[in-house]
Amino acid sequence: MSNEPPTLGLKQEMFLIQGESAFSYLPIIRELESKGIKVISFGIGQPDFPTPKHIREAAKDALDQGFTGYTETAGIPELREAIADYLNSRYKSDVKPNEIIVTTGTKTALFMAGAAYLRPGDEALIIEPSYYAYAQVTKFFGARPRFVSMDFEPGKGFSLDIGKVEEAITDRTRLLFLNNPNNPTGVVIGPRQVEELMEVAAKKNVIVVADEIYDNFIYEGEFGSTISHSGWRDNLLYINGFSKTFSMTGWRLGYLVARREVISRMLDLAVSIYSCATSIAQKAGVAALRGDWTPVRNMIDEFRKRRDALYNLLKEVPGFESYKPQGAFYMFPRVSQLMKALGLDSVDKLVNRLLYEKGVLVLPGTTFPDRLGRDFVRFSFATSMDNIVEGVKRIAEFAAGAMRR
């Protein structure tokens, strides 16, 4: 019998999962700033705009009216109707309100997808570089993450080869995680490739878990949504939310779309986990979708300007191989030349040197599994133009000194 306290007997999967690096740097930034160092952060992926006023007012009205109790686990009817109308109007889909469950953010929806479908011995295919949570969810439920890498071409950026995805699917593949537009690369996968991917999923009996949280951040190219696919009900769990489009990260409001029979079972899972999404946040979500989208359009226009500015500045920095992302609000340049000049064998070491020596935070590409990110860093351009100019200036000073050696 073990002498360990029983609270230390965590199940094995608790030691396999990892946290999110963007959040782990926050206490370091606070410590540096307490010492008088102004840190410019290109780290966390959070719009730096306030939630639009009419959305905030809707939440206040809900509070004033006493709308503070439990709601239906699926979400209030007017929010599910607004979500269905949005998807059907924008993507020419045929989603019904009873095919939607409102969640406490998209991470909860991802967790529910894993809980519902992944079994020990299963595999989930993840297109990499990828958002970190897909692999963590997979491991937590005893399944194995397998990765298929995007292609990278300096100056042009990343692209997805659907043939490589199809080849990577095995008899054990249960889920295929698709993030479009992609975090961290900013790749936008167009309608033709999305259709091809959905056809591959149908042929291979695989479920696509589509995370389209950045679907409104499109700067060029044509975005293809999985929910537009005519046979989506057979092979799709569609996930989206309010955090990015409406700058509502702290409201914790997302949703999952699936065929009605799946949602009815998801409801029992959801009520066991979180009962329902926050009542006043749901009222705010209705106002977001039904109300004035001018603040959203203005924010996206500003992000396009920031993207262009960051690209134009970074392309002049020695040791950086940069490209213009098509969507989201991230840039993912390759820094292998700079690492070589510095004699560094890890991109994490480069990130730490930039943070401690120049007061600039970028995220290491290793945050975005599996292997492709080892030579990359991620910039979030959800920060002011002044911060972009000053941050890249500091990085350029650091890189110029390193490349002269």
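The values are calculated or read from the model by the stated rules, or taken from the named source; none is laboratory data. On a predicted model such as this, the values are computed, not experimentally measured, just so you know. Neighbour counts are summed over all protein chains in view; Cβ atoms, including those assigned to glycine, are modelled from backbone coordinates with ideal geometry. Note: areas computed on protein heavy atoms with side chains; ligands, DNA, RNA excluded. Shrake-Rupley method; radii C 1.70, N 1.55, O 1.52, S 1.80 Å.
Looking at region 164-251, the GluC sites (Glu not before Pro) that sit in a DSSP loop and have at most 15 other Cβ atoms within 10 Å of their own Cβ are GLU220, GLU222.
Packing, taken as the mean count of other beta carbons within 10 Å per residue, orders the peptides 116-122, 213-219, 49-55 from highest to lowest as 213-219, 49-55, 116-122. The charge dipole of region 288-396, taken about its Cα centre with unit charges on the Cβ of Lys, Arg, Asp and Glu (plus for the first two, minus for the last two), comes to roughly 100 debye. Considering helices alone, the calculated mean residue ellipticity of the chain at 222 nm is -13000 deg cm²/dmol, with DSSP H runs of length four and up weighted by -39500 (n - 2.57) and normalised per residue. Computed in the context of the full set of protein chains, the accessible area of the chain at 1.4 Å probe radius has 48% of its extent on carbon or sulfur.
What is region 150-279 by shape, rounded, prolate or oblate, if you read a ≥ b ≥ c off the alpha carbon gyration tensor as root eigenvalues and call it rounded for a/c under 1.5, prolate for a/b larger than b/c, and oblate otherwise? Verdict is oblate for region 150-279.
Summary value for the chain: 23 percent relative contact order, contacts being C-alpha pairs under 8 angstrom separated by 6+ residues.
The label-point distance for TRP293 and LYS92, in a model that sets each label 7 Å from Cα toward Cβ, rounds to 1.6 nm. Can you work out the FRET efficiency for the pair SER34 and ASP161, with r the C-beta to C-beta distance and R0 = 45 Å, to the nearest 0.05? Efficiency at R0 = 45 Å is approximately 0.45.
What does the extension gain come out to for ASP234 and ALA202, with contour length at 0.36 nm per residue minus their alpha carbon separation? Gain in length upon complete extension: 10.8 nm.
Oblate is the label for region 1-94, because a/c, from the alpha-carbon gyration tensor with a ≥ b ≥ c as root eigenvalues, is 1.5 or above and a/b does not exceed b/c.
With all protein chains kept in place, the per residue accessible area of the chain amounts to 43 square angstrom at a probe of 1.4 angstrom. Between ASP268 and GLU397, the simple spin-label model (points 7 angstrom out along Cα→Cβ) gives 6.2 nm. Annotation: VAL95 carries an accessible surface of approximately 0 Å², with a 1.4 Å probe and no ligand, DNA or RNA atoms counted. If R0 is 25 Å, the Cβ-Cβ spacing of GLU357 and ARG304 corresponds to a FRET efficiency of close to 0.20. If R0 is taken as 35 Å, the Cβ-Cβ distance between ASN312 and LEU26 corresponds to a FRET efficiency of 0.75.
Protein-only accessible surface at a 1.4 angstrom probe places the residues ARG265, ARG80, ARG174 in the order ARG265, ARG174, ARG80, largest first. Take every Cα pair under 8 Å whose residues are at least 6 apart in sequence, average their separation, divide by the length of region 253-405, and the relative contact order is 22 percent.
Charge tally around ALA133: other residues with Cβ under 10 Å, Lys/Arg +1 each, Asp/Glu -1 each, net -1. Springs between Cα atoms under 10 Å define the GNM used for the chain, and in it the highest mean-square fluctuation of ASP375, ASP161, ASP211 occurs at ASP161.
In this view, the solvent-accessible surface of MET14, computed with a 1.4 Å probe and all protein chains in place, comes to about 80 Å².
Only one of [x] 63, 57, 51; [y] 59, 43, 39; [z] 71, 66, 36 was calculated from the structure for Cα extents along the principal axes in Å, and its label is [x]. When peptides 285-295, 96-106 are sorted by average Cβ neighbour count within 10 Å, with the highest value leading, the order is 96-106, 285-295. Relative to one another, the C-alpha centroids of region 150-212 and region 243-309 are positioned 23 Å apart. Mind running the shape call on region 73-155? Use the C-alpha gyration tensor, a ≥ b ≥ c as the square roots of the eigenvalues: rounded below 1.5 for a/c, prolate if a/b tops b/c, oblate otherwise. Taking the square roots of the gyration eigenvalues as a ≥ b ≥ c, region 73-155 is oblate.
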